[in-house]
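The values are calculated or read from the model by the stated rules, or taken from the named source; none is laboratory data. These numbers come from a predicted model, not from an experiment. Every residue, glycine as well, gets a Cβ built from its backbone with ideal geometry; the counts of neighbours run over all protein chains shown.
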Amino acid sequence: MKSEKKMAKKGKSAREVAYYALISFEKEKRRLDDIVDELLGKFSLDSRQRRFLKNLTSGVVRHLNYLDWFIARLYKGKLKKMFIKTRVLLRMALYEILFMEAIPARATLFEYGELTRRLIDRKTTGLVNGILREFLRQKEKLDPQKEITDPVERLSVVYSFPQWLIRRWIGFWGTEETEALCKKLNEPPRFDLRIVRKNISPQKFKALLKEKKIAFKESPLFPDMVTVWDVQAVINAGWLDKGYCVVQDESARLPVAALEPQPGETILDVCAAPGGKFTQILEAVQPDGMAVALDVDLKRLKRVKQNANRLGLKGGLYVYADARHLPFKQSFDKILVDAPCSGQGVIRKHPDIKWRREFAELVEFSKLQQDILESAFDLLKLGGRLAYSTCTVDFLENENIVNELKEKKGRDFRMLNLSDRFPTFSAQGAIRTFPHQHDTDGSFCALIEKK
């Protein structure tokens, strides 16, 4: 096989780079964004090709089980025994036919015939062409939604989620609610922008969006937030670099809103990367307060500082440490614990998450979350407040963690009721957001006071 260096020199099509990305994901189960970014550093693609590449790779990963169901129906052998390179090419071609309707089917057949011949061999080209042509003949007859009767298997195939996760969600909310959640998580993501008032007024920023003809929707919750669907246009306009805005989901604003940081307060963010919430806190405690960002990943911590500097926010302290063993002797007025989690709530933006997680990891996350939360709680001043938040919808990582702390701390622990302040997202005194109910990422937040 040709070396990557030689391939980079010759240049490759977006489809071929997508193939390399999906093969790498299949073998390594690393973050898809990281894989794609690495390949974009090796191969020269223009902006249109890059967008096609990202749409194709994320789309195939988003609909993996669905695409495999069609392949299994049309392949005469056992799917598990099919050469993985062949299966990846078939997934890509079927995704284009099913979800990228602007591309004529005959063009897709030609492109993948050529790609298979170049990347594998002529014999496999015949197999790929045969399956794709048979799919086009039977397309209207094949429907897993109608053919599969078992609800777990049906939702797993139609919406492409692992069966263990479908079973878990059905156990929490039932089949109908789970299907609505899965359906929403498979929609193209929306992007929320937090306008940085220090650098530009919301009115002026919205005027810039109109001037550039970038469609947006105002947030019903925050006057300094808007939703856009073409975030690349915002990036191209240079507004992120100028510090006019930050890409941050509406749900991600809620933990800091619940914490209510005030000027002059000393506030610790114990899992600060990538910094969206920390920059909110840093801006709020100005001019005479102190905001401390802590993270266990030095590279990501440096990014937090870079993001704050880009927004023109000075005065933050940045500490490289493990949140389970906080290196402070002082106590804090308020603490944010935006804990590492399984990320089930952000699958719409990162569809690879559902294939990179197993139930055992949820148990590991819950232990880590318990340790971090207890460590942070011990650093609160009497009367101080702590916001515990995640971007997952699983009870094991949310309510269970808060209840564990309550049992350990007893009378020192008091959970504050957020229902009156955030009635739309109220869940037994905490905040819960769901993609299919609120059109946000899935998230959780509880506000705790130290008595």
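Annotations
- Checklist (1) surrounded by 15 or more Cβ atoms within 10 Å (Cβ to Cβ); (2) in contact (Cβ under 8 Å) with a residue 24 or more places away in the chain applied to R197, failing item: (1)
- Applying the condition of being free of Cβ contacts under 8 Å to residues at least 60 places away in the same chain and in contact with a strand residue (DSSP E or B) (Cβ under 9 Å, 6 or more places away or on another chain) to segment 323-334 and asking which residue is nearest to A284 (Cα to Cα) yields S331.
- Hits in segment 254-292 (condition: assigned to a strand (DSSP E or B) and buried (at least 21 other Cβ atoms within 10 Å of the Cβ)): I267, L268, D269, A291, V292
- Candidate set from segment 391-435 (those that are crowded, with 17+ Cβ neighbours inside 10 Å and among the small types (G, A, S)); member that is modelled with the lowest pLDDT: A427
- Going through (1) under 26 Å from G383 (Cα atoms); (2) in a loop (DSSP other than H, G, I, E, B); (3) more than 19 Å from the chain's Cα centre (by Cα) one by one, P340 falls short only on (3).
- In the set (1) over 21 Å from the mean Cα position of the chain (by Cα); (2) at pLDDT 95 or above; (3) not assigned by TED's automatic domain parsing to the domain that holds G238; (4) not hydroxyl-bearing (S, T, Y), E140 fails one condition alone, (2).
Here is a yes/no grid of residues against (1) surrounded by 13 or more Cβ atoms within 10 Å (Cβ to Cβ); (2) of a type in the set (S, T, Y); (3) within 23 Å of the chain's Cα centre (by Cα):
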| position | (1), (2), (3) |
| --- | --- |
| E38 | yes, no, yes |
| T57 | yes, yes, yes |
| I71 | yes, no, no |
| Y75 | yes, yes, no |
| K78 | no, no, no |
| T116 | yes, yes, no |
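- Considering residues of segment 70-93 that are of a type in the set (A, V, I, L, M, F, W, C) and outside any helix (DSSP H, G or I) only, the residue farthest from L22 (Cα to Cα): M82
- G343 being surrounded by 18 or more Cβ atoms within 10 Å (Cβ to Cβ), at positive phi and modelled with pLDDT of 95 or more: yes
- The lone criterion from (1) touching a residue at least 12 places away in the same chain (Cβ under 8 Å); (2) closer than 21 Å to E28 by Cα; (3) buried (at least 17 other Cβ atoms within 10 Å of the Cβ); (4) not basic (K, R) left unmet by I353 is number (1).
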